[in-house]
1. If Gly195 satisfies all but one of (1) farther than 18 Å from Val45 by Cβ; (2) touching a Pro at 6+ places or on another chain (Cβ under 8 Å); (3) open to solvent by 50 Å² or more (accessible area, probe 1.4 Å), what's the number of the condition it fails?
2. So which residues in the stretch 93-120 are surrounded by fewer than 16 Cβ atoms within 10 Å (Cβ to Cβ) and either of a type in the set (A, V, I, L, M, F, W, C) or within 14 Å of Val70 (Cβ to Cβ) (or both)?
3. Please state which of the following conditions Ala149 fails to meet, knowing it meets all the rest: (1) assigned to a loop (DSSP other than H, G, I, E, B); (2) on the phi < 0 side of the Ramachandran plot; (3) small (Gly, Ala, Ser).
4. How many residues does the stretch 104-128 hold that are over 17 Å from the mean Cα position of the chain (by Cα) and at negative phi?
5. Scan the stretch 148-157 and give yes if some residue there is of a type in the set (Val, Ile, Thr) and open to solvent by 10 Å² or more (accessible area, probe 1.4 Å), otherwise no.
6. Hey, among the residues in the stretch 71-92 that are open to solvent by 90 Å² or more (accessible area, probe 1.4 Å) and in a loop (DSSP other than H, G, I, E, B), which one's farthest from Ala114 (Cα to Cα)?
7. Going residue by residue through the stretch 44-52, is there one that turns out to be modelled with pLDDT of 95 or more, closer than 23 Å to Ile160 by Cα, surrounded by 20 or more Cβ atoms within 10 Å (Cβ to Cβ) and not acidic (Asp, Glu)?
8. Regarding Pro138, is this residue under 17 Å from the mean Cα position of the chain (by Cα) and in a loop (DSSP other than H, G, I, E, B)?
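The values are calculated or read from the model by the stated rules, or taken from the named source; none is laboratory data. Just so it is clear, the model here is predicted, and its values are computed rather than measured. Heads up, the Cβs are rebuilt from the backbone with ideal geometry, glycines too, and the neighbour counts pull from every protein chain shown. Heads up: the accessible areas ignore ligands, DNA and RNA and are worked out on the full protein's heavy atoms, side chains in. Shrake-Rupley method; radii C 1.70, N 1.55, O 1.52, S 1.80 Å.
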Amino acid sequence: MRIAPVALALGALLVAWPALSAPRGKVVRVERGRARDTAARYCVVNDQPENILCLGTPPDAGEPITFVDVRVGVIGTARVTSSQSSKLYPCAGRTPTIFDANVTLTSGDRDVIARGVTVALRGVKLDERAKVIEDYQPPSPSEQNVLLAIDTNRSGDADIVLLQYTCDAQGNAMPLGSGGGNVNTQCYDTYVNRGDKLVRAHQDIIEICY
């Protein structure tokens, strides 16, 4: 199974991922701006791992990238060399939220990265201790899809959780199939473990226009 950029832009936006054990400790949703912004933003790996598609804000040159195969864990690392606004379904007159990034591999086999069921995490460095948590249930299973849940230090707890769901322009969750027209809005949240609590570090609101 491969994740193509087109899949990102066609409404489901990677909802095909199976929902990755309920989080240990209390899940606290922290409003944007109240928590220290933590990286681990989500990127899609293209057919060539040197070119990835990143969501949210433009990646900075030198920003670290970790390639994660959702079946086996970390399989490589890279650094961003350049980025630009993507031409993939842009919304005219609005701030870009999808970016093409060129990266240089710093570890890993590019062929393994290209063949794997791989996502890229930008702004975070993970090592071989990082373990993907399977069958992880999101805080609101009816609304949210787990893109990735990672135990970074083999403690048995989720330390980074990436969620995706349909939302409105203000970032409020909406039922699947709601909305319509020529604009599709998806939210991508990153939760991090702080003091044995999962808190939302940031939210990226991605508008896709057809």
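1. Evaluating Gly195 over (1) farther than 18 Å from Val45 by Cβ; (2) touching a Pro at 6+ places or on another chain (Cβ under 8 Å); (3) open to solvent by 50 Å² or more (accessible area, probe 1.4 Å) leaves (2) as the failure.
2. Across the stretch 93-120, the qualifying residues are Val112, Arg115, Val117.
3. It fails just one condition, (1).
4. Looking only at that region, the number is 12.
5. Scanning the stretch 148-157, I find at least one residue that is of a type in the set (Val, Ile, Thr) and open to solvent by 10 Å² or more (accessible area, probe 1.4 Å), so the answer is yes.
6. Ala92
7. Yes, some residue in the stretch 44-52 is modelled with pLDDT of 95 or more, closer than 23 Å to Ile160 by Cα, surrounded by 20 or more Cβ atoms within 10 Å (Cβ to Cβ) and not acidic (Asp, Glu).
8. Answer is yes for this residue.
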